[in-house]
Amino acid sequence: MSSLTPMLRQYQQIKAEHPDSILMYRLGDFYEMFYDDARSASEALSLTLTSRGRGTRNEAPMCGVPYHAAEGYIAKLLKKGFRVAICDQVEDARVAKGIVKRAVTRVVSPGTITDPAQLRPREPNYIAAVHAIGDPSRGRAGDGIGCAFLDLSTGDFRLAEHRGPDAGERLREQLAWFAPREIVYAEGVDPSTRPPIDAIEGPEGALKSPAPSWAFAHDTAYRILLDCLGTTSLDGFGCEGSPAAIAAAGGLVHYLRETQKADLRHLTRIVLEQASDSMTLDPTTCRTLEITGNARDGGRDGTVLEILDQTRTAMGARLLRDFVLRPLMSVAAIEERLDAVALFVGRPGERASLREQLSRVHDLERLLARCSLGNANARDLVALRESLEVLPELVELGIAFTTDLLTRLIAGLDVLGDLHARLASAIADDPPTTVREGGLFRDGYHAELDDLRSVRRDGHAYLAAIETRERSRTGIASLKVRYNKVFGYYIEVSNANKDRVPVDYDRKQTLVGAERFITPELKEYETKVLTAQERIASLEHELFVAIREEVTLAASRLKRTAHTLATLDALASLAEVAAQNNYVRPLIEDSVRLIIHGGRHPVVERLLRDDRFVPNDCVMNADEEQILILTGPNMGGKSTYLRQVALIVLMAQAGSFVPASDATVGLVDRIFSRVGASDNLARGQSTFLVEMNETANIVNNTSRRSLILLDEVGRGTSTFDGLSIAWSVAEYLHDTPAVAARTLFATHYHELTELALLRPRFRNLTMSVREWNDTIIFLRQVLEGTADRSYGIQVARLAGLPEAIIERAREILMNLERDELTRDGRPKLARHATGGQEKTRDAAVSSGQLGLFAPAEHPVVEALRRASMDRMTPLEAMNFLADLKKKVGEVDG
């Protein structure tokens, strides 16, 4: 270190404090990176790697980026998985003695992004903290896994605590729901007593960040939260009895304060998550129902959220996402939302006016966060001012909204007139993006600023005025006021008039034919002019920071207003969607019934262009018609039917109208969906193991209030094994009172339909099809009864398999169903010859796997089924009868 230059010594000292971050070190107009950071950044950003001190023993690899373009490069580094520490000058270079002082002003990581260009406006960006106390699996009062989730860009702050044997599973569900981009934990966690952080399965690519373990100690964490929230206790937030959650939250706030170098004053409220407040949707259910991400690439296209989200504000979009992922469990709360949606549906004109006004509102939550963190610029305040201008019009419009929820929202809407007035009088209409170069404020806002601007703008006029006045005062008509870079401003008088110079003139220079003088007024004006631009920039920055502070002090008011606007926007969006798609208001009740008439899949019906979606009914009751066994062919619509029933329930409890002719929904506490399966190669899990894991989760966690979707349970293994498991699961769900939930069970095991004869609460349904010329037509209609066949070969034909394969498959199926053997006792499954040689098999064909109870069909019946009698000529018909007679003889023989 002693041999390094002062600058590199300073760099190394600061870098030692942030070893896990790429340090961007401000030098002039660039952020420079050195040593290993330079090597990593040059590769990640495709920058040229140079060096400082080339040829010396202290040569330092380096690369850099312009300071004004730094945010774009930071975004690229974050996407590559890096954490970035921003090091700025914290001392005026003009007064510095030696090297200018520098310090890290913020650390940017995936969970701490607030730059709008790096955020998805309609989605939250959470950072999480996880901390365990004692043995969470025992469920004792002092034990548990605590977790905290915070969207720094909006101030949305939520806590949860989990105890008991399923604590780890509940944690995984929440991590999947919040999808944090970064997870904070206490460094030095003992894996023998607490879950190691590596075992926490956050979203793929989530950065894991350690924080000092002392910040997670309960007393320390408690004080951190009190200081952050500005309260004397946490009683008002309902989390006093959740020590693990408090520990996680305190550790998270400490981490954010240290990395952001800010007080986080936009965090004004914390919410303790309670399992009873909302329906539980586990990660599997969210994925299979494609609620917020599609199965193709995880994007929004083709999801329920895409259909329902016609919000006009980013705040409303994020809140609607919350509605959909957290359906309510209170009949009264759901009915309040439905009342509001119904009012908007019935008043299209007022709904349109509301939505038009909301479209003028910017993202108040993220604007406030940027102010609180000291990142907001003047254009952010212009956006805030423009948003506040809309509020009085919204209040006037909202007076006519007469439902309980809407009346409360409008009555409590703070229009923040004082803040709007200050912003309107202060901030210029089109300010620059930087806050240190002036041009931020209107003329007339601040007297000194106006004077400085006048000096800069009106210098020639001012000097001309001085010249006119001094000529009049002295009587010297040739007196001139001039300026040069050596002497600055001066008054020049010819030698012929120097005896008329006033005594208050101070001689500055003598020339051959004239003398130059200065006055206190000129000296003062010169100082003003020479320092005006610098002082303008400095003064405007001071004034801007003061106004930004005023906005931050109004954080609680702004957050309440933002939430009100977001709620209005989300409800109006649900009404807009309902009106466009002919949705109806569901009846919500505290029961275990589910009655849907004319139900439709909200996404599939929108994607159909040439075909009409076929609506279907669903009647279930945990006390009477508990388990519906649904059979039918592949491509017949079974999976769509299962999903649409679940989505109608989800939408209803979210407070939305639903795609049906009418619907009665008894409250559902959880939706379990085991629809489709895939290998999880990363964990070494086969399709069948994934399927069994999901099924185990269902039977171990369901209740009578749940809704279960089971699609083809057991298909990942042999037919006998699969059928036995499916049968046993169905019996268990029926016979065990604690888990006797409403269940939709789609299957190709037609034998399961026998359960309706053996158990009282089973009911058989089937997807109807029609056969025509050995092909099938899918009618998509759900009917009472059972399917007698799976129609797999017909579906294979629709998929385009060659006809030779189709015919051979039909023959093999017939042989399997009838256990048909050749005369020498060999299975006819292998009777075709290849190259003139007959193939044989020594193993007997097992006939039971494709149909345990179904009798083999007679070949004459099969031939009649395939025949097109209306197309035969009389001669062809006679030949056909002869062939039938021959077949009868062969079988009888």
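The values are calculated or read from the model by the stated rules, or taken from the named source; none is laboratory data. A quick note: this is a predicted structure, and the numbers were derived from the prediction, not measured. Note that each Cβ is placed from the backbone with ideal geometry, even for glycine, and that neighbours are counted across all protein chains shown. Quick note on the areas: whole protein, heavy atoms, side chains included, nothing else; ligands and nucleic acids left out. Shrake-Rupley method; radii C 1.70, N 1.55, O 1.52, S 1.80 Å.
How many residues does the range 130-157 contain that are farther than 15 Å from R170 by Cα and among the small types (G, A, S)?
The number of residues fulfilling the criteria is 5.
Would you please name the residue that is nearest to D669 (Cα to Cα), looking only at residues in the range 735-747 that are of a type outside the set (A, V, I, L, M) and open to solvent by 10 Å² or more (accessible area, probe 1.4 Å)?
Filtering the range 735-747 for residues of a type outside the set (A, V, I, L, M) gives 735-737, 742-743, 745, 747.
If we keep only those that are open to solvent by 10 Å² or more (accessible area, probe 1.4 Å) too, we end up with 735-737.
Values: D735: 20, T736: 18, P737: 16 Å.
Applying the filter and picking the extreme gives P737.
Among residues belonging to the range 670-686 that are over 30 Å from M651 (Cβ atoms) and surrounded by 14 or more Cβ atoms within 10 Å (Cβ to Cβ), point out the one that is modelled with the highest pLDDT.
S686
Okay, residues lined up against (1) aliphatic (A, V, I, L, M); (2) modelled with pLDDT of 95 or more; (3) open to solvent by less than 10 Å² (accessible area, probe 1.4 Å); (4) touching a Phe, Trp or Tyr at 6+ places or on another chain (Cβ under 7 Å):
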residue	(1), (2), (3), (4)
R585	no, yes, no, yes
E605	no, no, no, yes
R609	no, no, no, no
V619	yes, yes, no, no
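Could you tell me whether A262 is part of a helix (DSSP H, G or I) and more than 22 Å from the chain's Cα centre (by Cα)?
Values: part of a helix (DSSP H, G or I): no; more than 22 Å from the chain's Cα centre (by Cα): yes.
No: the conditions fail for A262.
Given the structure, is H601 surrounded by fewer than 21 Cβ atoms within 10 Å (Cβ to Cβ) and not in a helix (DSSP H, G or I)? Show your work before the answer.
Details: surrounded by fewer than 21 Cβ atoms within 10 Å (Cβ to Cβ): no; not in a helix (DSSP H, G or I): yes.
The answer is no for H601.
If V90 meets every condition in (1) more than 29 Å from the chain's Cα centre (by Cα); (2) surrounded by 16 or more Cβ atoms within 10 Å (Cβ to Cβ); (3) touching a residue at least 12 places away in the same chain (Cβ under 8 Å) apart from one, which number is that one?
(2)
Taking the condition of being touching a helix residue (DSSP H, G or I) at 6+ places or on another chain (Cβ under 9 Å), open to solvent by 50 Å² or more (accessible area, probe 1.4 Å) and within 30 Å of E356 (Cβ to Cβ), how many residues in the range 525-568 meet it?
Matching residues across the range 525-568 total 3.
State the number of residues belonging to the range 131-144 that are open to solvent by less than 10 Å² (accessible area, probe 1.4 Å) and closer than 26 Å to T112 by Cα.
Quick first cut of the range 131-144, residues open to solvent by less than 10 Å² (accessible area, probe 1.4 Å) only: 132, 144.
From what's left, closer than 26 Å to T112 by Cα: 132.
Of the residues in that region, 1 qualify.
Among the residues of the range 692-710, which ones are over 20 Å from A275 (Cα atoms) and either of a type in the set (S, T, N, Q) or open to solvent by less than 10 Å² (accessible area, probe 1.4 Å) (or both)? Even if it seems obvious, please write down each step before you answer.
Initial filter on the range 692-710 (over 20 Å from A275 (Cα atoms)): 692-696, 709-710.
Result: N693, T695, L709, L710.
Could you please find all residues in the range 104-145 being touching a strand residue (DSSP E or B) at 6+ places or on another chain (Cβ under 8 Å), closer than 28 Å to G293 by Cβ and in a helix (DSSP H, G or I)?
Taking the range 104-145 and keeping what is touching a strand residue (DSSP E or B) at 6+ places or on another chain (Cβ under 8 Å), we get 104-112, 124-134, 136, 142-145.
Still in the running and closer than 28 Å to G293 by Cβ: 108-112, 124-130, 145.
Residues satisfying the conditions are P110, G111, T112.
Filter the range 341-364 down to residues that are under 20 Å from V395 (Cβ atoms) and in contact (Cβ under 8 Å) with a residue 60 or more places away in the chain and give me whichever is nearest to the chain's Cα centre (by Cα). Let's see the steps before the verdict.
From the range 341-364, those under 20 Å from V395 (Cβ atoms) are 343-344, 347, 349-362, 364; that's our starting set.
Next cut, in contact (Cβ under 8 Å) with a residue 60 or more places away in the chain only: 343-344, 351, 354-355, 358, 361, 364.
Values: L343: 29, F344: 27, R351: 27, L354: 26, R355: 23, L358: 22, V361: 21, L364: 18 Å.
Filtering the range 341-364 for residues that are under 20 Å from V395 (Cβ atoms) and in contact (Cβ under 8 Å) with a residue 60 or more places away in the chain, the one nearest to the chain's Cα centre (by Cα) comes out as L364.
Based on this model, can you work out whether R300 counts as within 24 Å of the chain's Cα centre (by Cα) and open to solvent by 30 Å² or more (accessible area, probe 1.4 Å)? Please lay out each step first, then the result.
Numbers: within 24 Å of the chain's Cα centre (by Cα): yes; open to solvent by 30 Å² or more (accessible area, probe 1.4 Å): yes.
It is true that R300 is within 24 Å of the chain's Cα centre (by Cα) and open to solvent by 30 Å² or more (accessible area, probe 1.4 Å).
Given the conditions (1) in contact with a Phe, Trp or Tyr (Cβ under 6 Å, 6 or more places away or on another chain); (2) open to solvent by 50 Å² or more (accessible area, probe 1.4 Å); (3) closer than 29 Å to Y255 by Cβ, which single one is not true for I22?
Single failed check for I22: (2).
Suppose we filter A69, A38 for residues that are free of Cβ contacts under 8 Å to residues at least 24 places away in the same chain and not in a loop (DSSP other than H, G, I, E, B); which single one remains?
On the way: A38 fails: free of Cβ contacts under 8 Å to residues at least 24 places away in the same chain.
Only one candidate passes the filter, namely A69.
Could you list all residues from the range 752-765 that are farther than 10 Å from T631 by Cα and open to solvent by less than 20 Å² (accessible area, probe 1.4 Å)?
Start the filter on the range 752-765 by keeping residues that are farther than 10 Å from T631 by Cα, which leaves 754-763.
If the condition is that a residue be farther than 10 Å from T631 by Cα and open to solvent by less than 20 Å² (accessible area, probe 1.4 Å), then L755, F762 are the ones that fit.
Looking for something open to solvent by 10 Å² or more (accessible area, probe 1.4 Å) and not in a helix (DSSP H, G or I) - is there at least one such residue anywhere in the range 569-578? Before the answer, list the steps.
Taking the range 569-578 as the starting set, the residues that turn out to be open to solvent by 10 Å² or more (accessible area, probe 1.4 Å) are 576.
So of that shortlist, the ones also not in a helix (DSSP H, G or I) come out as none.
Checking the range 569-578: not a single residue is open to solvent by 10 Å² or more (accessible area, probe 1.4 Å) and not in a helix (DSSP H, G or I).
Could you tell me whether the range 426-437 includes any residue that is part of a helix (DSSP H, G or I) and either out of contact with any Leu (no Cβ under 8 Å at 6 or more places or on another chain) or not β-branched (V, I, T) (or both)? If you could, list the steps in order and put the result at the bottom.
So in the range 426-437, the residues part of a helix (DSSP H, G or I) come out as 426.
Then keep just the ones that are either out of contact with any Leu (no Cβ under 8 Å at 6 or more places or on another chain) or not β-branched (V, I, T) (or both); that gives 426.
Checked against the condition, which is being part of a helix (DSSP H, G or I) and either out of contact with any Leu (no Cβ under 8 Å at 6 or more places or on another chain) or not β-branched (V, I, T) (or both), the range 426-437 yields at least one hit.
For (1) within 24 Å of R138 (Cα to Cα); (2) open to solvent by 30 Å² or more (accessible area, probe 1.4 Å); (3) modelled with pLDDT of 85 or more; (4) not in a helix (DSSP H, G or I), each residue gets a yes or a no:
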{"residue": "G168", "(1), (2), (3), (4)": "yes, no, no, no"}
{"residue": "L171", "(1), (2), (3), (4)": "yes, no, yes, no"}
{"residue": "Y185", "(1), (2), (3), (4)": "yes, yes, yes, yes"}
{"residue": "S209", "(1), (2), (3), (4)": "no, no, yes, yes"}
{"residue": "D219", "(1), (2), (3), (4)": "yes, yes, yes, no"}
{"residue": "C228", "(1), (2), (3), (4)": "no, no, yes, no"}
{"residue": "A245", "(1), (2), (3), (4)": "yes, no, yes, no"}
{"residue": "V253", "(1), (2), (3), (4)": "no, no, yes, no"}
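Taking the condition of being open to solvent by 20 Å² or more (accessible area, probe 1.4 Å) and over 16 Å from T105 (Cα atoms), how many residues in the range 8-19 meet it?
The total comes to 2.
The rows are residues; the columns are (1) among the small types (G, A, S); (2) open to solvent by less than 90 Å² (accessible area, probe 1.4 Å).
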| position | (1), (2) |
| --- | --- |
| R469 | no, no |
| S478 | yes, yes |
| V486 | no, no |
| Y489 | no, yes |
| V493 | no, yes |
| V501 | no, yes |
| R507 | no, no |
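Just name the residue that is farthest from A275 (Cα to Cα) out of those in the range 327-340 that are in contact (Cβ under 8 Å) with a residue 60 or more places away in the chain and not hydrophobic (A, V, I, L, M, F, W, C).
D339
Can you work out which of the residues in the range 711-728 that are part of a helix (DSSP H, G or I) and crowded, with 23+ Cβ neighbours inside 10 Å is nearest to the chain's Cα centre (by Cα)?
Start the filter on the range 711-728 by keeping residues that are part of a helix (DSSP H, G or I), which leaves 719-728.
Filter once more, keeping what is crowded, with 23+ Cβ neighbours inside 10 Å: 723, 726.
Details: L723: 39, A726: 36 Å.
It comes out as A726.
Please state which of the following conditions R482 fails to meet, knowing it meets all the rest: (1) under 46 Å from the mean Cα position of the chain (by Cα); (2) charged (D, E, K, R); (3) open to solvent by 60 Å² or more (accessible area, probe 1.4 Å).
Exception for R482: condition (1).
Out of all the residues in the range 625-634, is one or more touching a Pro at 6+ places or on another chain (Cβ under 9 Å), among the β-branched types (V, I, T) and assigned to a strand (DSSP E or B)?
Within the range 625-634, none of the residues are touching a Pro at 6+ places or on another chain (Cβ under 9 Å), among the β-branched types (V, I, T) and assigned to a strand (DSSP E or B).
I'm checking my understanding of the structure. Among residues of the range 866-893 that are open to solvent by 90 Å² or more (accessible area, probe 1.4 Å) and hydrophobic (A, V, I, L, M, F, W, C), which one is modelled with the lowest pLDDT?
Restricting to residues being open to solvent by 90 Å² or more (accessible area, probe 1.4 Å) and hydrophobic (A, V, I, L, M, F, W, C), the top hit is M869.
Scan the range 438-450 residue by residue and report those that are open to solvent by less than 70 Å² (accessible area, probe 1.4 Å) and assigned to a helix (DSSP H, G or I).
L449, D450
So which of P180, P203 ends up being open to solvent by less than 10 Å² (accessible area, probe 1.4 Å) and either in a loop (DSSP other than H, G, I, E, B) or at pLDDT 85 or above (or both)?
Numbers: P203 fails: open to solvent by less than 10 Å² (accessible area, probe 1.4 Å).
Checking each option against the conditions leaves just P180.
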